[in-house]
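Heads up, the thing below is written out as structure tokens.
Bear in mind that the values in this text are calculations on the coordinates, not laboratory data. If you're wondering where the values come from, they're calculated on a predicted model, not measured in any experiment. Note that we place each Cβ from the backbone using ideal geometry, even for glycine, and neighbour counts take in every protein chain shown.
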Amino acid sequence: MLKRWFLSSGIILILVVLALQLLPYGRDHSNPSVRQEPAWDSPQTRELAAWACFDCHSNQTVWPWYSNIAPVSWIIERDVRKGRKKLNFSEWDRPQEEADESAESIQKGKMPPWYYPWAHLSGADREALVRGLGATVGENGGRGEEKERFRD
Ligand code: HEC
């Protein structure tokens, strides 16, 4: 009795997961062309940002194999879409209003997101990226604020 129940719920689960794969969302793995990058203060800063931030904040997303599998694909698609909208290191030819929060977002542990642990940086790399992003895109209280004042 119990065995039959396990078997049939297992089959139903498999069918549901298979059916999810048919939904069209999450498969648009586009990488629009790189229009312009910021003037990086050093190649090291770019390298670290590429490692920790580019998957969600550039047009050079490396789409992993599991980005093809629902429902993970939906989460990834949403992250990349929202991430690029907020901050896109490949589209520096348009205003990047929140760029000056980059260094701070790392310091506060907000970025990269906790559920993206493989992008987390070790102490020295983290420091270097915080410093490098501060120098490249400005920081709150530094160039960031000046930019804001300039805009008004
Ligand atoms: C796994 C995807 C992902 C990675 C990796 C990632 N971000 Fe984000 N980031 C997001 C998303 C999604 C948002 C939009 C959050 C929202 O709208 O609530 C965001 C927002 C931001 C913002 C806007 C301010 C804010 O907090 O909303 C900044 C600045 C930022 N990220 C910087 C970075 C930096 C710097 C890195 C690399 C160290 C990084 N992010 C790595 C997904 C990511």
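Here are the numbers:
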item	result
Lys pairs under 28 Å by Cα in region 2-151, provided they are eight or more residues apart or on distinct chains	11
Convex hull of the chain built on C-alpha atoms - directionally averaged projected area, nm²	12.0
Rounded Å value of the spacing that divides the Cα centres of region 89-127 and region 21-47	14
Segments 28-37, 129-138, 80-89 sorted - mean Cβ within 10 Å per residue, highest first	129-138, 80-89, 28-37
Segments 47-60, 108-121 sorted - mean Cβ within 10 Å per residue, highest first	47-60, 108-121
